[in-house]
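The values are calculated or read from the model by the stated rules, or taken from the named source; none is laboratory data. The structure displayed is predicted, hence computed values, not measured ones. Backbone-built Cβ (ideal geometry, glycine too); neighbour counts: all protein chains shown.
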Amino acid sequence: MSKTFQTPLRRARSRGSAHEGAGHFWAQRLTAVLSIVLTLFLVVLAIALAGRDHAAARALVANPFIATGIAATAVVFVWHMMIGMQVIIEDYVHGPLVKAGLLMANVLFSGLVLFLTLAALGKIAFGA
């Protein structure tokens, strides 16, 4: 039996966290706050779109400021979704191969959702 003079805290410091937890924590909080602001933007946009015909609605969405706001909303919402799912997968999936596969699927799914959203917005904004 080897006797060590390290405290339990000292022994624990070299194990565990990969020092990314605080970054995820703050990214999740930042995207949550931005989501609140951007949701208010979407509510105002929905009110502005109410009662407009297709051409007028398309013209409003094609406005560069509105299109940029919608794109920013999509980026923030998808980023928030991806971080949240990553935390759930890391906390509740224990098999290393399954966890790695789900983490990759999370990134691919999030990227696909963002790509399709921005492609649809681009089609509206640029009149393709």
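Looking across segment 53-97 at every residue that is touching a residue at least 60 places away in the same chain (Cβ under 8 Å) and closer than 18 Å to Gln28 by Cα, the one that is surrounded by the most Cβ atoms within 10 Å (Cβ to Cβ) is identified as Gln86. Within segment 22-41, the residues that satisfy the criterion of being loosely packed, with under 14 Cβ neighbours inside 10 Å and either modelled with pLDDT of 95 or more or within 13 Å of the chain's Cα centre (by Cα) (or both) are Phe25, Trp26, Arg29, Ala32, Val33, Ile36, Val37, Thr39, Leu40. Against the list (1) modelled with pLDDT under 95; (2) small (Gly, Ala, Ser); (3) surrounded by 10 or more Cβ atoms within 10 Å (Cβ to Cβ), the condition Ser2 fails is (3).
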